[in-house]
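Participant: First the structure, then my questions, so here it is.
The values are calculated or read from the model by the stated rules, or taken from the named source; none is laboratory data. What you are looking at is a predicted structure, and each value in this text was computed from that prediction instead of being measured. Cβ placement follows ideal geometry from the backbone for every residue including glycine, while neighbour counts extend to all protein chains displayed. Heavy atoms of the whole protein, side chains included, go into the accessibility calculation; ligands, DNA and RNA do not. Shrake-Rupley method; radii C 1.70, N 1.55, O 1.52, S 1.80 Å.
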Amino acid sequence: QVRLVESGGGVVQAGGSLRLSCAASGRAFSRYAVGWFRQAPGKEREFVAAMDWTGDNSYYQDSVKGRFAISRDNAKNTAYLEMNSLKPEDTAIYYCAAALQSMNFIRNQGRRRHDYNYWGQGTQVTVSS
């Protein structure tokens, strides 16, 4: 069992930055791939970024490439999402998720919600214009 708790959300002006954190407790965090998803009002939850369990490979949604960066610190059992040059369309609830090592995750590059085993409760990010 893995429990995930997100933090770091808030209100920021367009062009600003935020860093989200995802603190994991439970079984060995280093065995899990991590992903960030977001859900805006009235929309489906969508993939944002993912990193495999080694930390060697990361994947991004096209709209955030070059602006967001995913990272992890296994010693601290924490994953991060650094968000720069934020836009109003980035406004959403951001969720952290963890996935056991699997060929599905590799094949899908962490983009599929169903490849994840555990989810956090989410943190709100609001970008004002």
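Participant: In whole Hz and in residue order, list the ³J(HN,Hα) couplings for the stretch 9-21 that follow from phi through the Karplus curve 6.51 cos²θ - 1.76 cosθ + 1.60, θ = phi - 60°; x for Gly and Pro.
Facilitator: Taking θ as phi minus 60°, the curve returns x, x, 10, 9, 7, 3, x, x, 9, 9, 10, 8, 10 Hz for the stretch 9-21.
Participant: Next up: What dipole magnitude, in Debye to the nearest 20, does the stretch 16-129 give about its Cα centre under +1 on Lys/Arg Cβ and -1 on Asp/Glu Cβ?
Facilitator: Once rounded to the nearest 20, the dipole reads 160 debye.
Participant: Output the direction-averaged projected area (hull surface divided by four) of the convex hull of the alpha-carbon atoms of the stretch 51-92, in nm².
Facilitator: 3.5
Participant: Using a 1.4 angstrom probe with every protein chain in place, what is the largest-first accessible-area order of Trp36, Trp53?
Facilitator: So the residues, ranked largest to smallest area, are Trp53, Trp36.
Participant: Using modelled backbone amide H atoms (1.01 Å from N, in-plane), which distant-in-sequence or interchain residues come within less than 5 Å of Gly122's amide H?
Facilitator: HN-HN under 5 Å from Gly122: Glu6, Cys96.
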